[in-house]
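One structure is given below, encoded as structure tokens.
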Amino acid sequence: MGIFEKAFLKSLWVFHLATGSCNNCDIEILDCLTPRHDIERFGMLLTGSIKHADVLMVTGAVNRQCIPRIKRVYEQMPKPRLVVAIGECALSRGVFMQSYNCPMPLDHVIPVDVYIPGCPPRPEAIMAGLLKLIERRKTNHARDGRDA
Amino acid sequence: MAKTIIPIGPYHPLQEEPEFFILTVEGETVVDIDLRIGYNHRGIEKLCEGQTYDQVTFVVERVCGICSTSHPFAYTQAVEDILSIEAPPRAQYIRTIIAEGERLHSHLLWLGLAGHFLGYNTIFMWAWKLREEILDVMEILSGNRNNYAMFKVGGVLRDIKKEDIPSVLKKIDSIVPTLEKLRSAVMDDPVLHARTKGIGVLSREAAIDYCAVGPTARASGIARDVRKNSPYGAYDQVDWNMIVTENGDVFDKVLVRISEMFESIKILKACLTRLPGGEIDCLVKEIPPGEGIGHIEAPRGECFHYVRSDGTNRPARHKIRAPTFMNLPTFRETVIGGKIPDAAITLAAIDPCYCCTERMAVRNLKGRKLYTGEDLIRLSQEKTDQIKAEMGR
């Protein structure tokens, strides 16, 4: 593991993209920042700009209006880029599977590294998912995020 | 002076209903606001028509994560209206308990975000830390943190265990001192007064014209609360006060919400101590053709559901009107004429869960200037710092 990788994994900056979610997953992501869970102790920070982000956290049942926007955001991300799908909607569209406005799940739009199930996932689950992502990169089992 | 257009939105991570604001500004003053809604459309009303009555309860729970009780509550009331039945008293009390717990956590969530927009991150952290305690209470009562899944047509799905009640009451009591501290921190701070008093005023007449609902209307002096005006659940059996203030500015909206939290605690404690015995649901056989309405007071205002049945096991039409839909147009009254640093808090004041930090951009028509949402919040926070410095605090 080179020096870049070491530094990278200790300071993952996270960008949060809501693509038609019901707010629950988004609140749980914010909850990770607050005193009880405090995700910043792992070096993670919610960033306001996609151009500063290492991890893209996507919530919500991807709807028709969002699909081109998700692709655009993903293209603007600096490499290496990692994608985390949060919540049942982003994984499989959940209860919105039959909706006319939600044509495909997230991993048909962009490649996804970690799936965190739950409706909504608890903050602990979100943290566990992100830590798993770090762990997998350390052991070279993850996609390197430089493709596509 | 050249006019500048500020697009805000459309994807706000914490928005109840995603929307897109177009602010037109002249220098520092907002001269026009336009808004588009309809983003994040998931086709829930259509989806409900394809589900059975019992499944719809869970679909409407996912309309909004913060109001995950209000929508099933209104929906079950609408179906019970078709059936002309009422849930048993114990179920009514349990529904009231869950709804008030939701109001508590929703108002705390809003208070935290409002504090963040004003540059008081301490309030954000305090309020969200306190909110965790309420989520714990909800977890004890329902087994879930956010989507409680407590509702069904004709009653509730889970009972509240007798042995849980003392620990829940203790937990609620432990919230009160911190909430008092939070209230005095907000009420006694001259900087917060300077930032919120007289900002984003919605007059009583304008509130009536725009059909504002919920805390937005009550802050403007309209004494309208579904819980009082057309009582449902157990609200007519416990003692509580409707909070109404006169000025309609951002400060009053904060005041209404903070005072409502204390009323919610009052209702919660009364319901938990006087929880009647008996069944928690009643038998529902066939739903006859007909139509029914259900309306309840969600944390943000009146939430309205209309269901039409054609005698099958699925609704023929399901119409949802969320409170923010009524409150959004009031922006024309409150934001226009204000300054850009005040826009963030004024837009947040109706509680659309305005947390669009990363999806907001200020763009000069000539393409020279680019502010992001962060810049807007920074401007707002800088103004607070400036007032702090002037006051010597």
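Bear in mind that the values in this text are calculations on the coordinates, not laboratory data. Keep in mind the model is a prediction, meaning the values are calculated, not measured. In this analysis, Cβ positions are derived from the backbone assuming ideal geometry, glycine residues included, and neighbour counts consider all displayed protein chains.
One table, with the values for the structure above:
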item: For the protein assembly as shown, radius of gyration divided by Kirkwood radius, i.e. Rg to Rh on alpha-carbons; result: 0.96
item: Proximal charge balance of B:A234 [Cβ under 9 Å; K/R count +1, D/E count -1]; result: +1
item: Proximal lysines to A:K71, defined as alpha-carbon separation beneath 16 angstrom and excluding residues fewer than eight positions away on the same chain; result: A:K51, A:K79
item: Net charge of neighbours whose Cβ lies under 14 Å from the Cβ of B:T52, counting Lys and Arg as +1 and Asp and Glu as -1; result: -1
item: For segment A:83-99, Karplus couplings with θ = phi - 60° (6.51, -1.76, 1.60), whole Hz, Gly/Pro x; result: 10, 10, 9, 10, x, 4, 5, 5, 6, 9, 6, x, 6, 8, 4, 8, 6
item: Phi-based couplings in Hz for segment B:217-228 (Karplus 6.51, -1.76, 1.60; Gly and Pro marked x); result: 6, 5, 5, 9, x, 9, 7, 9, 8, 4, 4, 8
item: Aspartates and glutamates whose Cα lies under 13 Å from that of B:K253, excluding same-chain neighbours fewer than 8 positions away; result: B:D351
item: Residue order, fewest to most surrounding Cβ atoms within 10 angstrom, among A:H108, A:H37, B:H318, B:H71; result: A:H108, A:H37, B:H318, B:H71
item: Crossing angle, helix A:66-76 versus chain A [Cα axis fit, 0-90 degrees, rounded to tens]; result: 20 degrees
item: Antiparallel bridges, percent of DSSP beta bridges restricted to the protein assembly as shown (to nearest 5); result: 70 percent
item: Kirkwood hydrodynamic radius over Cα pairs of segment A:48-148, then Stokes diffusion coefficient at 10 °C and 1.306 mPa s, in µm²/s; result: 113 µm²/s
item: Likely footprinting exposure, A:W13, B:W126, fewest C-beta neighbours within 10 Å first; result: A:W13, B:W126
item: Lysines with Cα under 24 Å of B:K152, excluding same-chain neighbours fewer than 8 positions away; result: B:K46, B:K161, B:K162, B:K228, B:K269, B:K285, B:K319
item: Other protein chain Cβ atoms within 10 Å, averaged over every residue that makes up A:27-38; result: 5
item: Ranking of A:S92, B:S68 by count of other Cβ atoms within 10 Å, fewest first; result: A:S92, B:S68
item: Separation of alpha-carbon centers, segment B:81-142 and segment B:218-286, rounded to whole Å; result: 12 Å
item: Exposed-loop-free span, longest in chain B, where GluC sites (Glu not before Pro) count as exposed if DSSP calls them loop and at most 15 other C-beta atoms lie within 10 Å; result: B:87-245
item: Value of Rg to Rh for chain B (Rh from inverse mean 1/r over Cα pairs, i.e. Kirkwood); result: 0.99
item: With Cα atoms, 0 to 90° folded angle of helix B:89-117 axis to chain B main axis; result: 10 degrees
item: Cα coordinate range in segment B:31-172, projected on the principal axes (Å, largest first); result: 50, 47, 21
